[in-house]
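Q: Here it is: the structure, laid out below.
All of the numbers you see were taken from the coordinates with simple rules; none came from a lab. Since the structure is predicted, the reported quantities are computational estimates derived from the model, not experimental observations. Cβ sites come from the backbone with ideal geometry, for glycine too, and all protein chains shown count toward neighbours.
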Ligand SMILES: Nc1ncnc2c1ncn2[C@@H]1O[C@H](COP(=O)(O)OP(=O)(O)OP(=O)(O)O)[C@@H](O)[C@H]1O
Ligand SMILES: [Mg+2]
């Protein structure tokens, strides 16, 4: 029972990769992502370095960060939201599941296949940005940039895992579209909600912007409840950035890169385990 | 030796065949080249060893939110059989098929495919299956070759057969097109090609002729017979009853989730007392039924269209009719015996079943 066939996982992954990499919506998003990263690599440097058109690593990473925090979840959700519900509804999954494969193999294959599409677009997008930076300001922080790419891939996988969970739970494609939209908006407004709570707790807007203001601990803890926030925090740690978007932050000791990455693994695995439970019990 | 006249489902041509009781023969219509199969009436033996069954279903029940779509049904399909699964819309055919395949989680029931339990021995059971779902879909951005490549990998089958399979179902002109642009019929054909990957011993086809034009219906029929000749077992559901009649060894009819008949086509007709029909062509009748024929005992119904008499009667009456006609000097141009159609049996059964409820 416990034996998993790696060949089947590979076949499913390959099929997902080939199918989605030819999907015109995915291609469109990947192109937007690529153009924005090139533009950001250019503009961030233009503002920071004055004469120098291309900026240094850190400034560029901060602007790339805002692009990836927005676009990578979108691409991940687009890839995953209907991967099970849609296939169950149109009938293709019923054919696949009458071949000698297990549902767990199909699920893992989908994660890797769709994940490869994400990896592909991140590597192309940030690779292009990185090359531009390396060509202009040198590659001194190359290692940090590689961890930036790795963390971005992790961001993609967290949202992929969440959206696969949605598609595994929802009975119909339309409900999983709604689920995907809710997931995306939740990711986008989470920061605002936390900020709202902060203001409601008596902190004024001026205080908030004052350099050296000590943020309450729970504000940092709230980071762990949002995959996107763990990502931003982890990237800033990797680059030792404490100043971003006009804010200066005193990041508490415990908020280490290791803890953040651990939290990300939790975000990756829990939705996947749930996805498998829903998928296993599901009528196809 | 027994003589039988049967009607070709495609061109309605009548042909006479000969065989021993219980014998199964393959027929090719001399006019339109349609292939078919016929089992002569006679005793059929039912062995009960487990490995003589390709499919064995016991006490299958499946409910959807409290609604019993399939209600405690049991049947088995012997190896090498072509098995027809009939029933009106919503009877529970698709639900039964999906339950057999482990796609649905059943409330209760034991299911064995080729001797393997679908729950306990999932992979082995599924390795023996070629399945065509009711609604066929694949991956929009893959070509037919890429699609079949994927399924070959899953089955662990040889990929060199792919082009041949696509050619067999007439898709060789569409090899480089994306499946997303395929018509319903083309998808159905690709679905049929897909079932033949890995030369599985058991085929389960949910309405294999649905959505196909007559030319391809014939291709599918011929394929089914071809596979069966090579030893495969085929279970298929269908609305086209004449198709089932000339293809199947055995049929099960279900209605409202329950089996209402389970038999050979021949026995089913007998059981329901649906008699063969006599068609006599006598030039010059012009829509008038001769009085002398009306008087003969044992005629169930009699009808006329131009010069052709349609009579349903028992075998004694049949002899009397023929001798009477000859005695009275009618010039008989043609006499045919038409086998009762399953359609009649089907309608009669469902009608009776609904009446009881
Ligand atoms: N997923 C489902 N949820 C709820 N009810 C269902 C579901 N699938 C089937 N049913 C119900 O179960 C009954 C049997 O449906 P099924 O699809 O098995 O019929 P069928 O014999 O295949 O009909 P058809 O000839 O139209 O294909 C129907 O009343 C149908 O509405
Ligand atoms: Mg059906």
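Q: Which whole-number value in Å³ per residue fits the convex hull of the alpha carbons of the stretch B:75-182? Mind showing how you got there, number by number?
A: Details: hull volume 16.4 nm³, N = 108.
Measuring per residue, one finds 152 Å³ for the Cα hull of the stretch B:75-182.
Q: Can you compute the FRET efficiency between residue A:146 and residue B:67 using 1/(1 + (r/R0)^6), with r the Cβ-Cβ distance and R0 = 56 Å? Round to the nearest 0.05. Please report the intermediate quantities before stating the final value.
A: On the way: r = 56 Å, r/R0 = 1.01.
With a Förster radius of 56 Å, E is 0.50.
Q: Counting other beta carbons within 10 Å of each Cβ, put A:206, B:58, B:122 in order, fewest first. Don't skip to the answer; put the middle values down first.
A: On the way: A:206 8, B:58 14, B:122 19.
Exposure proxy ranking, most exposed first: A:206, B:58, B:122.
Q: Determine the distance separating the Cα centre of the stretch B:127-146 from the Cα centre of the stretch B:168-211; give it in Å without decimals.
A: 7
Q: Give the whole-number value, in cubic angstrom per residue, of the convex hull volume spanned by the C-alpha atoms of chain B. Mind showing how you got there, number by number?
A: Numbers: hull volume 58.1 nm³, N = 357.
It is 163 Å³ per residue.
Q: Can I ask one more? Can you give the % of DSSP beta bridges in the protein assembly as shown that are antiparallel, to the nearest 5? Could the numbers behind the result be given before it?
A: Working: 49 of 66 bridges.
If I count the DSSP bridges inside the protein assembly as shown, around 75 percent turn out antiparallel.
Q: Same structure again: Quick one: order B:64, A:120, B:40 by neighbouring beta-carbon count within 10 Å, fewest to most.
A: Details: B:64 11, A:120 15, B:40 18.
So the ranking, lowest neighbour count to highest, is B:64, A:120, B:40.
Q: What FRET efficiency, computed as 1/(1 + (r/R0)^6) with R0 = 22 Å and r the Cβ-Cβ distance, is obtained for residue B:159 and residue B:199, rounded to the nearest 0.05?
A: Values: r = 14 Å, r/R0 = 0.62.
With R0 = 22 Å, the Cβ-Cβ based efficiency is 0.95.
Q: Now for a different question. With springs only between Cα atoms under 10 Å, which of B:329, B:298, B:210 fluctuates most in a Gaussian network model of chain B?
A: Checking each option, the largest mean-square fluctuation is seen for B:329.
Q: How far apart, in nanometres, would the label points at residue B:58 and residue B:121 be if each is projected 7 angstrom from Cα along the Cα-to-Cβ direction?
A: Using points 7 Å along Cα→Cβ, the separation is 1.4 nm.
Q: Run a plain Debye calculation on the protein assembly as shown (Cα atoms as equal point scatterers, no solvent) and give log10 I(q)/I(0) at q = 0.08 Å⁻¹, rounded to two decimals, same order as the q list.
A: One equal scatterer on each Cα of the protein assembly as shown leads to -0.72.
Q: Additional query: As I understand it, the value is the acute angle between the Cα axis of helix A:57-80 and the longest principal axis of the Cα atoms of chain A; what does it come to in degrees, rounded to 10?
A: It works out to around 20 degrees.
Q: Which residue fluctuates most in the GNM of chain B (Cα springs below 10 Å): B:229, B:324, B:266?
A: B:324
Q: Nearest 10 degrees is fine. How inclined is helix B:315-327 to the longest principal axis of chain B, computing both from alpha carbons?
A: The two axes meet at around 50 degrees.
Q: Next question. What is the mean number of Cβ atoms from other protein chains located within 10 Å of the Cβ atom of each residue in peptide B:145-153, rounded to a whole number? Can you show the working numbers first?
A: Details: counts 0, 5, 4, 0, 4, 9, 5, 2, 9.
Average per residue, whole number: 4.
Q: Counting each DSSP H run of 4 or more residues in the protein assembly as shown as -39500 (n - 2.57), what helix-only mean residue ellipticity at 222 nm follows after dividing by all residues, to the nearest 500 deg cm²/dmol?
A: Numbers: 23 runs with 322 residues, N = 641.
Roughly -16000 deg cm²/dmol at 222 nm, from the helical runs in the protein assembly as shown.
Q: Related question: May I ask what percent, to the nearest 5, of DSSP beta bridges between residues of chain B are antiparallel? Mind dumping the intermediate values first?
A: On the way: 47 of 64 bridges.
In chain B, approximately 75 percent of DSSP beta bridges are antiparallel ones.
Q: Taking chain A as a Gaussian network, Cα atoms linked when under 10 Å apart, which of A:207, A:264, A:237 shows the biggest mean-square fluctuation?
A: Taking springs between Cα atoms under 10 Å, the residue moving most is A:207.
Q: Give the order of A:183, A:93 when sorted by the count of other beta carbons within 10 angstrom, beginning with the fewest.
A: Values: A:183 20, A:93 23.
Result, fewest neighbours first: A:183, A:93.
Q: Roughly what angle does helix B:214-229 make with the longest principal axis of chain B, taking Cα atoms, 0 to 90 degrees, to the nearest 10?
A: Approximately 80 degrees, to the nearest ten.
Q: Calculate, for residue B:3 and residue A:4, the FRET efficiency according to 1/(1 + (r/R0)^6) with r their C-beta to C-beta distance and R0 41 Å; round to the nearest 0.05. Intermediate values should be presented prior to the final figure.
A: Numbers: r = 59 Å, r/R0 = 1.45.
It comes out at approximately 0.10.
Q: What is the distance, in nm, between label points placed 7 Å from the Cα along the Cα-to-Cβ direction at residue A:207 and at residue B:348?
A: Computed distance between label sites residue A:207 and residue B:348 equals 9.0 nm.
Q: A further question on this structure: From Cα pairs below 8 angstrom and at least 6 apart in sequence, can you work out the relative contact order of the stretch B:106-237, rounded to a whole percent? Could you put the intermediate results ahead of the total?
A: On the way: 173 pairs, mean separation 36.2, N = 132.
Relative contact order of the stretch B:106-237: 27 percent.
Q: Next question. Return a whole-number percent for the relative contact order of chain B, with Cα pairs under 8 Å and 6 or more residues apart as the contact set.
A: Numbers: 676 pairs, mean separation 62.1, N = 357.
Value for chain B: 17 percent.
Q: Shifting gears a bit: Could you give the length gained on full extension between residue B:28 and residue B:108, defined as 0.36 nm per residue of separation minus the Cα-Cα distance, in nm?
A: 24.5 nm is the gain from fully extending residue B:28 to residue B:108.
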